[in-house]
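Report on one structure; see the data block that follows.
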Amino acid sequence: MLHEFIAIHREDIVARTRDRVRSRPWPVVSSREIEQGVPLFLTQLTETLRLESTERPFASGAIASTAMRHRAELAAAGFTVAQVVHDYGGICQAITEIAVEQHAPMTVEECHTLNRCLDTAIAEAVTEHGRLVSDQRSREEVERHGQVAHELRDLLNGALLAFHALKRGTVAIDGSTGMVLGRSLTSMRDVVDPALVEVRLAAGNLRRERLAVTAFLDDIAATGVLHSESRGVRFTVASVDPALSMDGDPQLLTSAVMNLLHNAFKYTRDGGAVVLSAHARGDRLLVEIEDECGGIPETKSDLFQPFGERRGRDRSGLGLGLSIARKAVRAHGGDIHVRNIPGRGCIFAIDLPLAANVLGAAQST
């Protein structure tokens, strides 16, 4: 009987499966996956085959239930669904190889049961993986929406308090209360804008058009001046070659640049300077934002991770801006790079393709 054969050759099956796992080029091998996966599946498989040959067949959902529990346990341990599927396949291949070598009798029904168990286990593992991923995404979305709502509520309360004070006429609009109102409204826009960008990116809704770099930066500079004044930071826009142009979605690219500028203003020391510039390098356009934040400490984690670690004492915002900005730039065939200048500041560079006509003109000269 096949179940007896598996029980007798259990150690050999486990050993051969481990050898297969160690030699596979992909997915990445974990020293723990076979220890947790193979014994559990073999035990269930052996019992399934044994009870299939009796008058009281094994419950049809048992192998599926085990596969789901197995996938959940491996997910908690950090294993991928690809590892689980490869392990199941390796086990059945090992059983077949040893059966052939030992000339072990295997009935057609046992072969069908073996294949059914494998098929069910893989199907349930993949299904459970999808459920776990969906649950995780749902939890992340709830957390993110909650944080956005909390941030907007605080900013709105500050704006309302300032508005009511100004409405009473006891303070001047150009005084400190007016500045509080302005900062609150600006910060609300900074929260809403990345959220809208992320929605458009998720929908794949990019509206590309030809953008002259000088006009693009001029529009950004007008808003940037207001940011810099509210932060007490000097803001300069370097001269740009008027021939430079790019193809892209103006709203998404403006949001990406404004996010980098906002961070530059926020982390630059009082009285410091922020410079916005753009130039061509080969067939690429580099839009650079240089600040005087004092440099990024080496202990900081990846700044582009969602809800990532802030690089200064200011903890306002949700930590989503840089992540969304990079997504927007990458959707245009570009990326964002950071150059750290310890003791002085850093330079965030948006790297994008130049427009086709600019490339043609450059190649003809």
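The values are calculated or read from the model by the stated rules, or taken from the named source; none is laboratory data. Computed from a predicted model, the values in this text were never measured in an experiment. Positions of Cβ are generated from backbone atoms using ideal geometry, with glycine treated the same way; all protein chains shown enter the neighbour counts. We work out accessible area using only protein heavy atoms, side chains counted, and drop any ligands, DNA or RNA first. Shrake-Rupley method; radii C 1.70, N 1.55, O 1.52, S 1.80 Å.
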Residues (in contact with a Phe, Trp or Tyr (Cβ under 7 Å, 6 or more places away or on another chain) and crowded, with 17+ Cβ neighbours inside 10 Å) located in the range 218-251:
224, 227, 228, 231, 233
In the range 66-110, residue nearest to the chain's Cα centre (by Cα) [restricted to those that are open to solvent by 60 Å² or more (accessible area, probe 1.4 Å) and modelled with pLDDT of 85 or more]
93
Residues of the range 158-217 being part of a helix (DSSP H, G or I), open to solvent by 30 Å² or more (accessible area, probe 1.4 Å) and closer than 20 Å to residue 330 by Cα, which ones?
193, 195, 196, 198, 199, 201, 202, 203
Mind checking whether some residue in the range 348-360 is modelled with pLDDT of 70 or more, of a type outside the set (D, E, K, R) and loosely packed, with under 15 Cβ neighbours inside 10 Å?
yes
If you check 308, 282, which single one turns out to be over 20 Å from residue 206 (Cβ atoms) and at pLDDT below 90?
308
Reported set for the range 173-205 where residues are free of Cβ contacts under 8 Å to residues at least 40 places away in the same chain and acidic (Asp, Glu) is 174
